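Report on the structure given below.
The values are calculated or read from the model by the stated rules, or taken from the named source; none is laboratory data. Treat the numbers as computed from the prediction; the structure is a model and nothing was measured. For neighbour counting, all protein chains shown are included, and Cβ atoms are generated from backbone atoms with ideal geometry for every residue, glycine included.
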Amino acid sequence: MNTADQYLKAIYLAQRIEDGPASTGTLADLLEVSPASVNEMIGKLEERELVDHEKYKGASLTDEGLERAHNALQTYCIIERFLANVLEVEEFRDEARALESVIDDTVAERLDTIIDRPAQCPDCFDAEQDCCELLELEASGRAD
Amino acid sequence: MSLGQRVSSDHQLTRLLQIGVVLEELVESRAAHHIESLPPEERAEFDEEVEELLAEAATESAEHRERLEALIDDLEAETVGYEEINALVDAQYGPPEDTDGVLYDQLANEETAYKFYDDLIEAIEASESEFAVDRERLLETLYSIREEEKEGVEEVTEVMEQRA
């Protein structure tokens with residue numbers, strides 16, 4: 001997943017958490033980058049018409065941005081589910097965050113052929129818990 | 001969330017190699033399922049060349065898996081066994097409609113594997129971390145597997161072009 005898609009996903013989640021435009025501070029926390037980096041990227045995404053930015057309020061996804069954010073979140077959900085249910089990784093959230101930049105969408109699509117993902121994905125993603133609310137976890141880790 | 005595309009620890013490297021093993025197991029299992037799933041009339045049409053292509057893909061995947069597993073072994077971790085992935089493929093498998101569908105799926109397998117190794121190599125090269133496996137051996141192994149995946153893409157494309 002490329003950096004732009006990671007930002008779009010974070011904006012989508014921040015908008016859900018804040019129930020409104022995503023603030024620079026929340027995005028900086030979610031992405032673990034500086035507010036200056038966030039502002040720079042928001043500017044680029046605005047130029048590409050993926051994001052609308054209102055001063056002092058924050059960033060909101062355009063329709064095209066929302067579609068891309070949905071796809072990015074689905075890819076992220078595949079990675080989390082694969083780690084949790086196939087490799088049985090207990091710290092699947094942290095590991096998904098560490099791996100998402102290296103896992104391409106096409107790779108995630110292949111992994112998707114062996115996991116059980118609800119049809120309503122990514123609407124069932126719980127932004128606060130950072131995972132799908134329907135995810136059933138195995139009892140113990142194995143492939144560590 | 002880490003925005004950098006680089007592999008920074010043994011743990012992360014191990015996880016990515018484990019994903020590589022699963023991708024290879026998927027190729028192996030899906031190739032076997034494709035041959036079995038075709039109706040008799042399609043199977044008769046399923047010429048030797050296509051059958052050979054799938055058999056070769058399965059053998060090559062098994063060999064790639066062994067090479068990745070040797071690296072994972074050196075990192076003192078485990079992998080997911082083939083039978084487990086085969087069972088998961090079994091549970092979710094929807095057979096392609098015809099031979100062309102089989103070939104498209106095989107092409108997607110090879111392209112995905114190539115992309116995965118290409119990204120992994122780039123992420124390792126971008127990192128200055130020391131790993132518990134020899135960096136040169138790690139990269140040599142991945143270069144050679146990536147090259148074979150590239151040849152795999154070319155082989156499937158050739159067969160598809162001949163059939164068109």
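The table for this structure:
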{"read-out": "Answer from A:Val89, A:Val38, A:Val33 - the residue that is in the same structural domain as A:Lys9 (by TED's automatic domain parsing), crowded, with 17+ Cβ neighbours inside 10 Å and not in a helix (DSSP H, G or I)", "value": "A:Val33"}
{"read-out": "Residue within the range B:124-136 that is of a type in the set (Asp, Glu) and touching a residue at least 12 places away in the same chain (Cβ under 8 Å) present", "value": "yes"}
{"read-out": "Residue count, the range A:84-100 (criterion: in contact with a helix residue (DSSP H, G or I) (Cβ under 7 Å, 6 or more places away or on another chain) and facing chain B (nearest Cβ under 7 Å))", "value": "5"}
{"read-out": "Qualifying position, being in a helix (DSSP H, G or I), of a type in the set (Ser, Thr, Tyr) and either closer than 20 Å to B:Arg15 by Cβ or facing another protein chain (nearest Cβ under 8 Å) (or both), among A:Thr26, A:Thr106", "value": "A:Thr106"}
{"read-out": "Close pairs from the range B:81-110: first of a type outside the set (Ser, Thr, Tyr), partner outside any helix (DSSP H, G or I), Cβ under 6 Å, at least 6 apart", "value": "B:Val102/B:Pro96; B:Asp105/B:Pro96"}
{"read-out": "Members of the range B:124-164 found to be more than 18 Å from B:Ile19 (Cβ to Cβ), of a type in the set (A, V, I, L, M, F, W, C) and not in a loop (DSSP other than H, G, I, E, B), listed by number", "value": "B:Val153, B:Val156, B:Val159, B:Met160"}
{"read-out": "Some residue of the range A:29-41 being touching a Gly at 6+ places or on another chain (Cβ under 9 Å), more than 14 Å from chain B (Cβ to nearest Cβ) and without any contact (Cβ under 8 Å) to a residue 40 or more places away in the chain", "value": "yes"}
{"read-out": "Condition check for A:Glu100: charged (D, E, K, R), surrounded by 22 or more Cβ atoms within 10 Å (Cβ to Cβ) and either under 16 Å from the mean Cα position of the chain (by Cα) or farther than 30 Å from A:Leu137 by Cα (or both)", "value": "yes"}
{"read-out": "Test: residue in the range A:113-127 that is within 9 Å of another protein chain (Cβ to nearest Cβ), aliphatic (A, V, I, L, M) and surrounded by fewer than 22 Cβ atoms within 10 Å (Cβ to Cβ)", "value": "yes"}
{"read-out": "Positions within the range B:58-86 being under 17 Å from the mean Cα position of the chain (by Cα) and more than 14 Å from every other protein chain (Cβ to nearest Cβ), in sequence order", "value": "B:Ala58, B:Thr59, B:Glu60, B:Ala62, B:Glu63, B:His64, B:Arg65, B:Glu66, B:Arg67, B:Ala70, B:Leu71"}
{"read-out": "Checklist (1) within 13 Å of chain B (Cβ to nearest Cβ); (2) over 15 Å from B:Arg15 (Cβ atoms) applied to A:Arg81, failing item", "value": "(2)"}
{"read-out": "Which numbered condition B:Ala132 fails, given (1) more than 13 Å from the chain's Cα centre (by Cα); (2) among the hydrophobic types (A, V, I, L, M, F, W, C); (3) facing chain A (nearest Cβ under 9 Å)", "value": "(3)"}
{"read-out": "Failed criterion for B:Glu49 (all others in (1) facing chain A (nearest Cβ under 9 Å); (2) modelled with pLDDT under 90 hold)", "value": "(1)"}
{"read-out": "Output for the range B:15-35, where each listed residue is polar (S, T, N, Q) and in contact with a helix residue (DSSP H, G or I) (Cβ under 6 Å, 6 or more places away or on another chain)", "value": "B:Ser29"}
{"read-out": "B:Glu155 vs. criteria under 22 Å from B:Leu26 (Cβ atoms), loosely packed, with under 13 Cβ neighbours inside 10 Å and modelled with pLDDT of 90 or more", "value": "no"}
{"read-out": "Of all residues in the range B:87-123 being in contact with an Asp or Glu (Cβ under 8 Å, 6 or more places away or on another chain) and assigned to a loop (DSSP other than H, G, I, E, B), the one that is farthest from the other protein chains (Cβ to nearest Cβ)", "value": "B:Asp98"}
{"read-out": "Residue satisfying all of: in the range A:46-86; charged (D, E, K, R) and not in a helix (DSSP H, G or I); surrounded by the fewest Cβ atoms within 10 Å (Cβ to Cβ) among these", "value": "A:Lys55"}
